[in-house]
Amino acid sequence: MHFLNPWYLLGLVLASIPVVIHLLFIRKNKTIEFSSLRFLKELQKTQIRRLKLKQILLLVLRTLIIVFLTLSFARPVVRGDFPFFRNYSNISAVIILDNSISMDVSDEFGNRYRQGKNFASLLLDNFREGDNVCLIKTTEVSQNPSFTSDFQYVKEEIARANISVLQSSYENAFRLAQKLLNESRNLSREIFVISDFQKSALKEFSDSVRFFDPQTTLNLVHIGAKSVLPIDNISIDSVVPLTRIYEPDKKVEFEVFLSNSSNKSYENQVLSLFMNGERIAQRLFNIQPKGRQQVIIAGSVKTKGAVRCLFEIENDALEYDNKRWFGFIVPDILKVGLVSDNKSGFLYRFLQSLDGEKIQLRFIPPNQISTVNLADLSVLFVENLQVDDISAIRDFLSSGKGLFIFPSVSTDGQLLKSFFSNLGFNLDFSYKTFLSNNNPVFTFIDKEHPLFFNVFAPSKEKTIVIPDPPKISNLLTVSSGVALIQTNAGQFLTEFNYQGSKILFCSAAPDLKWGSFPLTSLFPVLIYRSIFYLSEVNELNFSLICGNTLSFNLPASFSRTNLYKLEDPLGNLQQLQSIQLPSGNLLELRDLAVVGTYVLRSGDDLPIGTISVNIDHGESMLDLASKRQVIEFFQKHINSKTKVNYIDETKNIRSSDFRNYSGSELWKLFLFLAIVTSIAEMFVARTTKNEITELK
């Protein structure tokens, strides 16, 4: 038994009043017997005994009146039906409405989301005065809902509810429902989960907490359970860029992954690529039933700055998953500095040939580096390192910029060792020379690294075949760092990271005295792609599911201020302020609720990154779970004594369908007992009064 107004039980103290009054009126008088009264005493002895019994009965009846009235005001409730008093307790009901993307498909019964909303409206018609209801949407559990008895308001809220592109979560909805029910005063509690219960949506909860108590009933309303109509749907699941270096007027290539959740094949379907709203390319593809397909599509970049790419297929049963977004940054002008004293060298001549609209070169003699504002440069190449240059180059790296360093033509490695030691790297360099008949052989190139990604022709062999491998005469190798190119004599190209800045070290000087490396096809590819890689363009390109939070550290080159701007897919600007930490600036982005590509801009309005927000591709998997699978899944996450009710008939709902599992209030029973006891008390009191009068 449970009391809805337990504080009224304090009224039971009043039940002692009749007892106290009875004790106060009991008097012990001294008895003096007269011989003339002995006969009268014998005559009335029986009547006096009966009178005392009636007084005790009156005491009991009056005490019971107070007890019954107190219990009636305390509103006791028991679980289930109570014979003769079929008055069920009020209900606190939580309606969990699945408004995820998968609910927006249609079957032979109509749009499934509309079916769910209709069921919720019919459900509200069965609530009565004293009940309270709360609506929770599975994609918007960050809200702060509360119970209400205004059922018309809840109906209007359901009517206004739309499909959301945010990620859906039964677990988060349950946590919010648990919090609401813990604050409810009604003993009977009902939860209605209205969903299509996709197999892909039945994800394990993050912990082993079991929800709800034995007074709660979990009603699983399965939308679409009785549908036999096949749902035909193709979705774009993900996009992987095959191009890592983005340039104006150059092609970019993408690998697009598609899924077919239907039981039929599709042929000659069209995949389109848009850049900044303009259609750039189209590809035809075929896809098998329940199959996946990879499609390569490419297009030329026509603009600089932020590029928003949209991949789109033709409309089908579910439109939301027919689009996928991806973003990247095309640099405007990259300023490259070259520290060298050799204007006739291969490195200078190649960089000079690049000088133009995309790349601007600045030649810096070693003895003048301290007079140059290196902060204006994007990348620094060092061909001839001097002792006096070490401090300026370290400051350049500390600002988040990239460095490509070669050994000097005449070197024994001590100066480079001192330079790296100044940066905190304890490196050992080994100078090696080779005869013409014993040149080092390239044994490994990291093809997945941005410098070489998609540069070499696809090959099943693990070894890299270079069309014109260089003949190397000298190497200054190092054993530490990340090897990007490896030879059988040691590392040829090594990468280091200094406080977030990238350093590339080539073990061969760009001079014919060290070999034919400057004359091979690898040299211009390496130098050209290094400019873009080291400039940190596209370091801040992210992809995430709509509604998720993104936290990341900004490179030092973007951390000169803690003020930034975020441009959403609709063109609206939002001011952002990063958190300044010893390791750099931390930026946290919340509530990214619009599908598309966001552009992150620096304080001076330059694009520095993109955030592509897409839907959860799991919503495209439209296979529904069976009754057994649905029940077993939720039983794992609720109290073992919580009752589960499965509902697949959604056209009608009656109060008895869920009130059968509610409690019954007994206040009317105790009120009835109080009335009956009062009548009995009045009857006994009247007869007792008459007998006392006769005795007198």
Quiz item: Which of the residues spanning the stretch 293-309 are under 20 Å from residue 259 (Cβ atoms), in contact with a Lys or Arg (Cβ under 8 Å, 6 or more places away or on another chain) and open to solvent by 20 Å² or more (accessible area, probe 1.4 Å)?
Solution: 296
Quiz item: When both residues are 6+ apart or on different chains and their Cβ atoms are under 6 Å apart, which pairs have a first residue that lies in the stretch 282-310 and is within 22 Å of residue 250 (Cα to Cα), and a second that is surrounded by fewer than 18 Cβ atoms within 10 Å (Cβ to Cβ) and among the acidic types (Asp, Glu)?
Solution: 296/255; 298/253; 304/332
Quiz item: Got at least one residue in the stretch 317-331 being in a strand (DSSP E or B) and loosely packed, with under 13 Cβ neighbours inside 10 Å?
Solution: no
Practice problem: Report whether or not residue 444 is in a strand (DSSP E or B), surrounded by fewer than 17 Cβ atoms within 10 Å (Cβ to Cβ) and of a type in the set (Phe, Trp, Tyr). | Solution: yes
Quiz item: Name the residues in the stretch 492-507 that are over 17 Å from residue 419 (Cα atoms) and either modelled with pLDDT of 95 or more or of a type in the set (A, V, I, L, M, F, W, C) (or both), would you?
Solution: 492, 493
Quiz item: List the pairs whose first member sits in the stretch 513-531 and is assigned to a loop (DSSP other than H, G, I, E, B), whose second member is of a type in the set (A, V, I, L, M, F, W, C) and crowded, with 16+ Cβ neighbours inside 10 Å, and whose Cβ atoms are under 7 Å apart, counting only residues at least 6 apart or on separate chains?
Solution: none
Quiz item: Within the stretch 93-136, can you find the residues that are over 15 Å from residue 224 (Cβ atoms), assigned to a strand (DSSP E or B) and of a type outside the set (Gly, Ala, Ser)?
Solution: 94, 95, 96, 132, 133, 134, 135, 136
Practice problem: Scan the stretch 595-624 for residues that are under 24 Å from residue 196 (Cα atoms) and in contact with a Cys (Cβ under 8 Å, 6 or more places away or on another chain) and report the count. | Solution: 4
Practice problem: Please find, within the stretch 161-197, the residue that is most open to solvent (accessible area, probe 1.4 Å) out of those that are under 16 Å from residue 92 (Cβ atoms) and of a type in the set (S, T, N, Q). | Solution: 182
Quiz item: If only one of 608, 638 is more than 28 Å from residue 178 (Cβ to Cβ) and not polar (S, T, N, Q), which one is it?
Solution: 608
Exercise. Could you tell me which of the residues 337, 305, 345, 356 is under 41 Å from the mean Cα position of the chain (by Cα) and among the small types (Gly, Ala, Ser)?
Key: 305
Exercise. Scan the stretch 548-601 for residues that are in contact with a Phe, Trp or Tyr (Cβ under 6 Å, 6 or more places away or on another chain) and either modelled with pLDDT under 90 or among the charged types (D, E, K, R) (or both) and jot them down.
Key: 568
Quiz prompt | Residue tally, condition touching a strand residue (DSSP E or B) at 6+ places or on another chain (Cβ under 8 Å) and farther than 28 Å from residue 595 by Cβ, over the stretch 131-179 | solution = 11
Self-check item: In the stretch 215-248, residue modelled with the lowest pLDDT [restricted to those that are assigned to a loop (DSSP other than H, G, I, E, B) and under 30 Å from residue 94 (Cβ atoms)]
Solution: 215
Quiz item: Looking at (1) within 22 Å of the chain's Cα centre (by Cα); (2) modelled with pLDDT under 95; (3) crowded, with 20+ Cβ neighbours inside 10 Å, which is the one condition that is false for residue 200?
Solution: (3)
Practice problem: Quick one: in the stretch 99-151, of everything that is farther than 19 Å from residue 652 by Cα and over 28 Å from the mean Cα position of the chain (by Cα), which residue is surrounded by the fewest Cβ atoms within 10 Å (Cβ to Cβ)? | Solution: 129
Self-check item: Members of the stretch 537-574 that are over 30 Å from residue 617 (Cα atoms) and either out of contact with any helix residue (DSSP H, G or I) (no Cβ under 8 Å at 6 or more places or on another chain) or not aliphatic (A, V, I, L, M) (or both)
Solution: 555, 557, 558, 559, 560, 561, 562, 563, 564
Quiz item: So which of 645, 652, 690, 660 is at pLDDT 75 or above, exposed (fewer than 14 other Cβ atoms within 10 Å of the Cβ) and not β-branched (Val, Ile, Thr)?
Solution: 652
Quiz item: Just to be sure, is residue 213 within 30 Å of residue 652 (Cβ to Cβ), within 30 Å of the chain's Cα centre (by Cα) and surrounded by fewer than 16 Cβ atoms within 10 Å (Cβ to Cβ)?
Solution: yes
Exercise. Could you tell me whether the stretch 137-159 includes any residue that is acidic (Asp, Glu), in a helix (DSSP H, G or I) and under 25 Å from residue 104 (Cα atoms)?
Key: yes
Quiz item: Among (1) modelled with pLDDT under 85; (2) in contact with a Ser or Thr (Cβ under 9 Å, 6 or more places away or on another chain); (3) among the hydroxyl-bearing types (Ser, Thr, Tyr), where does residue 92 come up short?
Solution: (1)
Practice problem: Search the stretch 175-197 for residues being under 11 Å from residue 212 (Cα atoms) and in contact with a helix residue (DSSP H, G or I) (Cβ under 9 Å, 6 or more places away or on another chain), and hand back the single one that is modelled with the highest pLDDT. | Solution: 191
Quiz item: residue 247 fails exactly one of the following numbered conditions: (1) over 30 Å from residue 303 (Cα atoms); (2) crowded, with 17+ Cβ neighbours inside 10 Å. What is the number of that condition?
Solution: (1)
Self-check item: Residue, farthest from residue 235 (Cα to Cα), within the stretch 604-629, restricted to residues that are in a loop (DSSP other than H, G, I, E, B) and in contact (Cβ under 8 Å) with a residue 60 or more places away in the chain
Solution: 625
Quiz prompt | So residue 527, is it over 35 Å from the mean Cα position of the chain (by Cα), within 27 Å of residue 305 (Cβ to Cβ) and at pLDDT 95 or above | solution = yes
Quiz item: Does any residue of the stretch 288-295 turn out to be out of contact with any helix residue (DSSP H, G or I) (no Cβ under 8 Å at 6 or more places or on another chain) and of a type in the set (A, V, I, L, M)?
Solution: yes
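The values are calculated or read from the model by the stated rules, or taken from the named source; none is laboratory data. All figures in this text were calculated on a predicted structure; none of them were measured in a lab. Using ideal geometry, Cβ is built from the backbone for each residue, glycine included, and neighbour counts are taken over all protein chains shown. These accessible areas exclude ligands, DNA and RNA; they are computed on the full protein's heavy atoms, side chains included. Shrake-Rupley method; radii C 1.70, N 1.55, O 1.52, S 1.80 Å.
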